[in-house]
Amino acid sequence: MTTVGEQLELLVATRPSRATLRLPATDLVATASTLLAAGYRLALIAAVETPGPIRIEYLFTDGPPDQRIELEVEVDRGSPRIPSLARVSFPAGRFEREMRDLFGIEPIGHPQPRPLVLHQHWAPGWHPMRSDAGPQPPMLSDAAPYPFVRVEGSGVYEIPVGPVHAGLIEPGHFRFSVVGETIVKMKARLWFVHKGIERLFEGRDATAAVALAEKISGDTAVGHCLAYAQAVEEALAIEVTPRGNELRAVLLELERLYNHVADVGALCNDAGFGLANAHALTLREQLLRLNESVTGHRLLRGGVTLGGASLVSLPQPDQLREVGDHVRRLTDLARSNTIVMDRFTGTATLSAEQAMEIGVLGVVARASGLCFDARSAHPFVDSPVTFRPACRDTGDVLARFLVRCDEVAASLDLLSDYVARTGPLTDVSVDRGLTSAGHGSGIVEGWRGTIVHRVEVGPGGMLERVKVVDPSFLTWPALPVALADTIVPDFPLANKSFNLSYAGNDL
Amino acid sequence: MTGGQVLAPILVAGAQIVIVGVGGLLLLGLMRKLRSRLEGRVGPPIHQPLLNVRKLFRKQRVRPEESSWVFSAAPVVLVATAVVVAAISPLATTRPPLGRSADFFAIVFVLLLGSAALALAALDTGTPFGGMGSSRAMTIGAIAEPALLVAILAMSIPAHTSNLPVLVRLGLTHPQMIASPGRILALGSFAIIILAESGRLPVDNPSTHLELTMIHEAMVLEYAGPDLALVATGEAMRFSLLLGLLVNLLAPWGIADRPGAVALVIGIAMLAVKVALAGVCIAIFEVFTAKLRLFRVPELLAGGFVLAVLGTVTALVVR
C-alpha cells in the first residue's frame, strides 16, 4: 500500500478528472496545502454522517479541463475534531465554522472559533444537522447581544441597518462604524432566514427533490437545479445526451439574462438614474415572458429534469436580436450619463489579491481580474470556441457593472448559437441507475457565480446527504473588505454591485 | 379705516397662503406625473400628494418614545414659517400685506428657521439616520446659504434695496434690470440653491427608499400621521415659495400691480402657470440627470457661489 504522500504526488502529476483520497486527519493540512499550491480551489467541505464515524469530504476543483479531487477524513462521532485549514484557506475557515454550528465538529486551531450560522439565542450544544439532534430546544430569551467590535476613537459613531429593510430585499443586519461619512468598519450579520434546506433533502427521492433544488434561491432556479441534477447524475451514472445539455445551457443563459438586466437597471436606480431602471424593468418583463414561453414558468422552473431538460419552445433568433438591441440601448444610456459613471468609478474597490485571498466567485471575482468562469473551467456543453469569460481588472462598482453588461452580450451570443442547433425540445435520459447508490458533484456557473452541489444517494434513489454551496457564501466576506474608505451614501451602490444572495447563503 | 381696507390684506394673504399650500402639493404631483410619463410609466394622479396629506391627517399621532417637545414643535415651526413667508411675499401681487417687511434677507432666514427646526428634531429622535440626515443637510446648508446671501446682494445693488416687492415691481417698470448680467448670474445661483435646499436631484433623491443615501428624507423618517402631513405640506410650501420668488424675479409679468379682485385673480393664475412651467423644467431635468456623489455636492454649490459672486461684481461694475 502506498502512502498518502505518494498518492498525492501522483494526483498532482497526472491531474485526473475524478479522484478520491482517504487520509488520516493528521495528514489533512499538508495535503490540502499541496493541492492549493498546485492551483486547486477548495470548492466545498461537507460533513456526512455514517452509521459509524462522521466523514468529512473536502472537494478540490480545477479546470479546464474539469478536475475534481475529494479528500476524505473520518472523525469520531462522540467528540468530533478536525485540524483546521483556516490558516491555509480562508473559505475553509468559513466551511469549518458552518460545520461547527450544524454538526458540532470542532476545528482545532481555528483563529475565529465563533458561531456563524446559529445566532446567539439558539440553544448552545444543539446541532441541527446531527441525526441525533432531537427536537429543537426553545430559543434563549436572555442570550447576550452579539459582541460587535467597537471602533474606538473620537467622532466614531455606529449606524445599524436592518435586518428589516425599506426595500423588497431579504433580511441582513449591517453595522457601520463611521467617521464623518467614511466607513471605518462594516459588519454584516446574515443567517436570519436559515431554513435547514440541506436537511430537507435528506430522505427524499432524488428525482422528486429536483423541485426542492429549484427553490433554494428563487432567482437562481436553473443554476441550483442544474448543479443538483449534475451531482445526482454523476452519483447514479446517468448519461445526459449532448442535446439535453444544450437545452440546459439555454435555460442557464436565460436565467443570467433576466437577472443581469435587472441588476444593470437597479445599479442605475441606486445612483438616482430612474430612467435607465424603467427601461431595464421593461426589458426584464419581456425576458420573463420569454421565459414563460420557454418553460411555462416565468422564473424558468420545471425546465431542468433529472437526466436532461424539457422545454415548451425555444427563443426565436429575431426575439434574441430584439433583446440585444434593447440591451445595447440600455447600456449606452447608462454609460452616457457622466454622473452615473462618476458614481461607479473607483467606488468600493476589491483588489485581485483580496479577491483571491477571500476566494470570491462569479461577477465579483471577474470584475477584480480573476477570470474564472465554470462555463470554461467545468464545461458541460460544447460552447462556441469564441466564448471567453467577461473580465475587468479595476475591481470597482464600474467593473462589476461592465462585467454584467458584457455577460449579457455574451449570453445572447451563446443563446443564438444554441438555438441555431436543431433537435427535440425534450431530451431526458432514462434514469436506469436509480436503484444503485453513489456520490457525485455538480459545478455550474450560475448568474451570480459558481454553484457547487455534492450529493450522496443511497439505495433506491434516496438522498442521504446534499451539500449546497452558493457563490454568495464565499463572496459575502469580500463586501466589508471592499467598503474600506467608501462613504456611507455609496454603500447601497456597492452592495447592489455585489448583489449577493441571502437565501443561497442562509440555506 | 373702512372694513374693506382691513379685510382686503387678509384676503390677499389668505389667497397667497392657500395657493402656495395647495398649489405646492399639486406641483409635486405634477412633477411626479410628468417624470413617470417621461420614463414610460403611468404614475400616480396629479392630486395624489393632496390625498396623501388628507390620509395622514386622519391617522393616529405616533411619536418616538424618547423624543421631546423639539420633535413635536418642528413640523409646526416648518409650516408656520412657510405660512408667514407666503403671506408677505410678492407672489400673486406686488402689494402683499406687510410688504415693507418682506426683505429678501429676512425671508431667507425665516425659511431657514424651519430647516433648523427639522434638523434639531431629527437629532432629538436619537436615531442614527436622523443624526446622519441632519449632519448632511446642515453641511449643504452651510455652503448654500452664503451663496444665496451673495446672490441676493447682487440683485439688491442695482435696486438699492433688498425689499422683495420693490425688486419685483422694478422688474415690471424697468425690464432692462432683469436682463442685466448681474441679475441673470444671481438668478442662476438662486436656481441651483433651490434644487439643493429642496432636496431635488442631483443633490438628493426624493424618491429613494435607501436610508443610507438620504439627506432630507433621513431627517423626517421618524414622523408619522398628522406630524408627517405637516412636514409634507411645509416642504411643498417651501418649494413652491422659492420657485414663486424665482419666477417673479425672472418674469414678473402677470403679477397684480394694482389693488382689486380681478387683478389678484389674474395674478394667481399667472403665478400658477409660471411656477408649473418651472416645475416642468425641473422634472425634465431630473429625468436625465442622476444623483451626485455626496462629496461632489459642494462642487456644485461652489459653482452656485461663484455665479453669485460674479453677479455681485458685475452689478457693482455695470451700472
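Only the coordinates and a few stated rules stand behind these numbers; no lab work does. Predicted model only: the values in this text are computed from it and were never measured. For neighbour counting, all protein chains shown are included, and Cβ atoms are generated from backbone atoms with ideal geometry for every residue, glycine included.
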Notebook entry, point to check: Averaged over peptide B:284-291, how many Cβ atoms belonging to another chain are found within 10 Å of each residue's Cβ?
Noted result: 6
Notebook entry, point to check: With r defined as the distance between the Cβ atoms of A:His121 and B:Val70 and R0 fixed at 22 Å, what FRET efficiency is calculated, to the nearest 0.05?
Noted result: 0.05
Checklist line | Projected label distance in nm at A:Arg328 and B:Arg63, using a 7 Å step from Cα toward the beta-carbon | finding: 6.1 nm
Item checked: Nonlocal amide H pairs with A:Thr20, under 5 Å, H built at 1.01 Å -> A:Glu70
Margin query: Rounded to whole Å, give me the distance from the Cα center of segment A:153-223 to that of segment A:277-318.
Written below: 26 Å
Check: Amide H of A:Glu106: which non-local residues (sequence gap of 5 or more, or other chain) have their own amide H closer than 5 Å, using H built in the peptide plane?
Finding: A:Arg81, A:Ile82
Next item on the list: Whole Å is fine, so just give me how far the alpha carbon centre of segment B:215-271 lies from that of segment B:50-96.
Entry: 13 Å
Notebook entry, point to check: Which helices count as membrane-span-like in chain A under these terms: full DSSP H, at least 18 Å along the axis by C-alpha, Kyte-Doolittle mean of -0.5 or more?
Noted result: A:221-236, A:242-270, A:274-295, A:397-420
Checklist line | Karplus-derived HN-Hα couplings along segment A:191-208 (A = 6.51, B = -1.76, C = 1.60, θ = phi - 60°), whole Hz, x at Gly and Pro | finding: 6, 6, 10, 5, 10, x, 4, 4, 5, 4, 5, 4, x, 8, 6, 4, 6, 5
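What fraction, in whole percent, of alpha-carbon pairs in segment B:3-318 exceed 35 Å separation?
Details: 8790 of 49770 pairs.
Within segment B:3-318, distances greater than 35 Å cover 18 percent of Cα pairs.
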Notebook entry, point to check: On average, how many beta carbons from a partner chain sit within 10 Å of the beta carbon of a residue in A:160-172?
Noted result: 2
Margin query: Below 25 Å, Cα to Cα, which lysines can B:Lys33 reach? Residues fewer than 8 away in the same chain don't count.
Written below: B:Lys55, B:Lys274, B:Lys291
Checklist line | Peptide B:33-40 - average C-beta neighbours from other chains (10 Å radius) | finding: 3
Notebook entry, point to check: Among all cysteines in chain A, which have no other cysteine Cβ under 4.7 Å from their own Cβ?
Noted result: A:Cys225, A:Cys268, A:Cys405
Checklist line | Relative contact order [Cα under 8 Å, 6+ residues apart], chain A, whole percent | finding: 17 percent
Margin query: Between A:Glu158 and B:Ala106, what's the calculated FRET efficiency when r is the beta-carbon distance and R0 is 45 Å? Round to 0.05.
Written below: 0.65
Next item on the list: Give, in nm to one decimal, the length gained when the segment between A:Thr345 and A:Asp66 is fully stretched (0.36 nm per residue of separation minus the Cα-Cα distance).
Entry: 96.9 nm
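Taking the Cβ of each residue in B:His216, A:His110 as the centre, tally the other Cβ atoms inside 10 Å and list the residues starting with the fewest. Show your work: numbers first, answer last.
Details: B:His216 23, A:His110 19.
So the ranking, lowest neighbour count to highest, is A:His110, B:His216.
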Item checked: Length released on extending from A:Thr182 to A:Arg298, taking residue separation times 0.36 nm less the Cα-Cα span -> 37.7 nm
Check: Based on the alpha carbon coordinates of chain A, what radius of gyration and maximum Cα-Cα distance (Dmax) apply, in Å?
Finding: 22.7, 69
Notebook entry, point to check: With each pseudo-label sitting 7 Å past Cα toward Cβ, what's the A:Gln136-A:Glu6 distance in nm, one decimal?
Noted result: 5.1 nm
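If you only keep lysine pairs separated by 8 or more in sequence, or across chains, how many in chain A come under 19 Å at the Cα atoms?
Details: A:Lys185/A:Lys496; A:Lys187/A:Lys496; A:Lys195/A:Lys215; A:Lys195/A:Lys467; A:Lys215/A:Lys467.
For chain A, the number of qualifying lysine pairs is 5.
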Next item on the list: Pop a pseudo-label 7 angstrom from the Cα along the beta-carbon direction at both A:Arg321 and A:Ala37 and give the gap in nm to one decimal.
Entry: 5.6 nm
Item checked: Relative contact order of chain B, pairs being alpha-carbon contacts under 8 Å that are 6 or more residues apart, as % -> 30 percent
Item checked: Cβ-Cβ FRET estimate between A:Ser376 and A:Glu106, R0 fixed at 22 Å, reported to 0.05 -> 0.05
